[in-house]
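Let me begin by presenting the structure, written as structure tokens, before commenting on it.
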Amino acid sequence: MRRRIETTIGQLTEQFHISRVRALKHWGLLTRMSNKLGSCLLGAFINQCLGRPLMKLKDLVLA
């Protein structure tokens, strides 16, 4: 469980650049963060449907 959480946080910071959200207002921050988290969840769901490892998000985009 801990490894999955650390992997997810690592991917959010490296691939989705969640540490650099350039929003000017509160709603912009919420929108950008929800978009990034939603795309991560959607990628994991697609990988699960395809029978692939859940957190192989970069391979999903490049495939």
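Derivation of every value follows stated rules applied to the coordinates shown; laboratory data play no part. Computed from a predicted structure; not experimentally measured. Backbone-built Cβ (ideal geometry, glycine too); neighbour counts: all protein chains shown.
Listing for the model above:
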| item | result |
| --- | --- |
| Charge tally in the Cβ shell below 15 Å around Thr7, where Lys, Arg are +1 and Asp, Glu are -1, Thr7 excluded | +3 |
| Assigned charges on the beta-carbon of Lys, Arg, Asp, Glu; the chain dipole about Cα centre (debye) | 140 debye |
| Size of the chain as Cα extents on the principal axes (Å, biggest first) | 39, 23, 18 |
| Furthest towards positive pole of dipole, Leu50, Leu60, Gln11, structure part the chain, Cβ charges | Gln11 |
| Length-normalised contact order for the chain - Cα pairs under 8 Å, 6+ apart - percent | 24 percent |
| Degrees between helix 2-14 axis and first principal axis of the chain (Cα, 0 to 90, nearest 10) | 50 degrees |
